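> Just passing along the structure, written as structure tokens.
The values are calculated or read from the model by the stated rules, or taken from the named source; none is laboratory data. The shown structure was predicted, so the numbers you read here are calculated from the model rather than taken from an experiment. Glycine gets a Cβ as well: all are built from the backbone with ideal geometry, and neighbour counts include every protein chain shown.
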Amino acid sequence: MTAAGALLVSLDVSVANALMPAIGADFQGDGRAAVSWVITAYAIVFAATLVPAGRVADRAGRRRTYLGGLAVFGLGSVVCGVAPTLGVLLAGRVVQGVGAAAASPASLGLLLAATDARDRATYTARWTGAAAVGMTLGPFVGGALTTLGDWRWAFLVNVPLVVAIAVAAPRVLPETPRHPGRRLPDPLGAVLLTLGAAALTLGVSQAADWGVLDTRTSGSAVAGGALLLLFVRRSRHVAEPLLDLGLLRRRRVAVAAAMTFLYAAGLFVDRWGLDLVQAGSAIVPMGLVVVLLTTRVGRLADLVGYRSPLAAGASLMAAGLALSAATLAGDHFAARWLALAVVIGLGVGLCYPLLAAAAVHGLPSADLAAASALNQSARQLGAALGAATAVGVLGSAAVPSLGRYHAVWLLAAGFCALAATVAALLPEGSSDLVRDPVPSPTHHPRNEECSA
């Protein structure tokens, strides 16, 4: 049941990629860079509100926060589905991002609270694997719904799914203890992080239209960097920081966050220009491979550690994406793509679940939610940067050249290659297994139901 929410939230991260041509056609006067914020607005808001949302879940109860977040997510989906203008659509995506940020860490917190500490790597991998399935199937779902009807159905279909989860969840998910005395984290820090990430993304996505040396491009980049530095500085001095910087002194947490950022940037680069049916069909073999791997990779990490599987996964993704740039064109697309999709799917199936598990591996219970939220924030910010950078590469032409699309694939491959390099910094082996057991009163007999 917790995995159902993870799948739904991640589905809406990637479903927008397939909707871009149709949305752009409906809002032709707004331009490619403006329409790209349908992706980046969701990712930035999601990333910036994950950590405070996790604190809210600890304070108000994780099941309550999970269901409340899904309700907000459903409301945002309705706004997106009926949006008459691009501005309203972006507002709906912001609402979706807030709801997703509330639901995601609360659902993982529910799962970890009901799971023995020795099994956290396995269950975290399965939970994140469900999110990986949603992410890989998103373009297919969006393309299919757009082809059969209208891009708006890709958002409206969320509503009955949210209702189904809301009806079933109270029957199988136990509530966690509430801690009303805890203070919420620094709200100014949340503002600084959000504005800083948005300014950086704006500069990257508009670089092709404004020019790399334009003062608006450089001004956005400088402003974004300055705001993020202020965020880090403030986080060092406030009593309840949005981000506990002490977590980044833990080598495994810091390396996992860096690798997640790079991997997500490569995975979420924009793929406009493919036919919707073509793009949707292309993603199916990748999703099937991910599904097959997610139930097994957690045990693999327990046996050999995280470094080797993650380095292999990112390398497979880099190789598959680079070969895509070298070999894919309009003719014989499906035949050429099948083998490459399997290679990329193997990489995604290794990286996506294991990165989330690595981020919380070996940590005491008190740090699990914060470390998980940090890792998810890195993933969303990486996704926003990847999508925005791809928009910059494609430029403002109505039909970019094939060379620009190949450059996008190479860009994705480069991000994944960097992620593989960073994986070498992870501690080797599994000697730092979680030692702090979950107290028996919180162990719930419905573990399997919580993870399903």
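> Would you check which residues across the range 349-391 are within 12 Å of the chain's Cα centre (by Cα) and more than 23 Å from G196 (Cα to Cα) and list them?
Within the range 349-391, Y352, P353, L355, A356 qualify.
> With over 27 Å from A412 (Cβ atoms) and of a type in the set (D, E, K, R) as the only criterion, which of R252, R236, R216 stands out? Steps first, answer last, please.
Details: R252 fails: over 27 Å from A412 (Cβ atoms); R216 fails: over 27 Å from A412 (Cβ atoms).
Only one candidate qualifies: R236.
> How about the range 119-176: which helices (runs of 4 or more DSSP H) wholly inside it have at least 1 residues that are of a type in the set (F, W, Y) and touching a residue at least 24 places away in the same chain (Cβ under 8 Å)? Steps first, answer last, please.
Details: elements: 120-148, 153-156, 158-172.
Per the criteria, 120-148, 153-156.
> So which residues in the range 200-254 are of a type in the set (K, R) and assigned to a loop (DSSP other than H, G, I, E, B)?
Residues of the range 200-254 of a type in the set (K, R): 216, 233-234, 236, 249-252.
R250 - this is the single residue of the range 200-254 that is of a type in the set (K, R) and assigned to a loop (DSSP other than H, G, I, E, B).
> Report whether or not R178 is at pLDDT below 75 and assigned by TED's automatic domain parsing to the domain that holds G61. Even if it seems obvious, please write down each step before you answer.
Values: at pLDDT below 75: yes; assigned by TED's automatic domain parsing to the domain that holds G61: yes.
So R178 passes the test.
> Which of the residues spanning the range 17-38 are within 21 Å of A100 (Cα to Cα), at pLDDT below 80 and either touching a Cys at 6+ places or on another chain (Cβ under 6 Å) or not polar (S, T, N, Q) (or both)?
Correct list: A18 only.
> List every residue pair whose Cβ atoms lie under 6 Å apart, where the two residues are 6 or more positions apart in sequence or sit on different chains, the first residue falls within the range 232-252 and is surrounded by fewer than 16 Cβ atoms within 10 Å (Cβ to Cβ), and the second residue, located anywhere, is acidic (D, E).
Once the first residue is surrounded by fewer than 16 Cβ atoms within 10 Å (Cβ to Cβ) and sits in the range 232-252, its partners that are acidic (D, E) give V238/D186; E240/D186.
> On to the next question. Among the residues of the range 9-61, count how many are out of contact with any Pro (no Cβ under 8 Å at 6 or more places or on another chain) and either surrounded by 23 or more Cβ atoms within 10 Å (Cβ to Cβ) or of a type outside the set (G, A, S) (or both).
31
> Still on this structure, please answer the following. Can you report the number of residues in the range 76-124 which are closer than 19 Å to I44 by Cβ and of a type outside the set (D, E, K, R)?
Here is the first cut: in the range 76-124, the residues closer than 19 Å to I44 by Cβ are 76-77, 79-80, 83, 86-105.
The next check asks that each one be of a type outside the set (D, E, K, R); those that pass are 76-77, 79-80, 83, 86-92, 94-105.
Adding up the residues that qualify gives 24.
> Right, something else. Test G97 against the criterion of being within 28 Å of L350 (Cα to Cα) and buried (at least 22 other Cβ atoms within 10 Å of the Cβ), and give yes or no.
Working: within 28 Å of L350 (Cα to Cα): yes; buried (at least 22 other Cβ atoms within 10 Å of the Cβ): yes.
Criteria met by G97.
> Could you list, in sequence order, all residues of the range 62-94 that are surrounded by fewer than 19 Cβ atoms within 10 Å (Cβ to Cβ) and either polar (S, T, N, Q) or not in a helix (DSSP H, G or I) (or both)?
P84, T85
> Quick one: which of A407, A373, A387 is within 24 Å of L111 (Cβ to Cβ), at pLDDT 60 or above and assigned to a helix (DSSP H, G or I)?
Working: A407 fails: within 24 Å of L111 (Cβ to Cβ); A387 fails: within 24 Å of L111 (Cβ to Cβ).
One residue alone meets the criteria, A373.
> From V98, V88, V82, grab the single residue that is modelled with pLDDT of 85 or more, closer than 22 Å to L173 by Cβ and not charged (D, E, K, R). Let's see the steps before the verdict.
Numbers: V88 fails: closer than 22 Å to L173 by Cβ; V82 fails: closer than 22 Å to L173 by Cβ.
Among V98, V88, V82, only V98 is modelled with pLDDT of 85 or more, closer than 22 Å to L173 by Cβ and not charged (D, E, K, R).
> Is there a residue in the range 420-441 that is surrounded by fewer than 19 Cβ atoms within 10 Å (Cβ to Cβ), modelled with pLDDT of 70 or more and assigned to a helix (DSSP H, G or I)?
For the range 420-441, residues surrounded by fewer than 19 Cβ atoms within 10 Å (Cβ to Cβ), modelled with pLDDT of 70 or more and assigned to a helix (DSSP H, G or I): present.
> To continue, here is another question. Tell me, yes or no, whether the range 42-59 has at least one residue that is in a helix (DSSP H, G or I) and free of Cβ contacts under 8 Å to residues at least 60 places away in the same chain.
First pass over the range 42-59, keeping only residues in a helix (DSSP H, G or I): 42-59.
Now drop any that are not free of Cβ contacts under 8 Å to residues at least 60 places away in the same chain, which leaves 42.
Yes, because at least one residue in the range 42-59 is in a helix (DSSP H, G or I) and free of Cβ contacts under 8 Å to residues at least 60 places away in the same chain.
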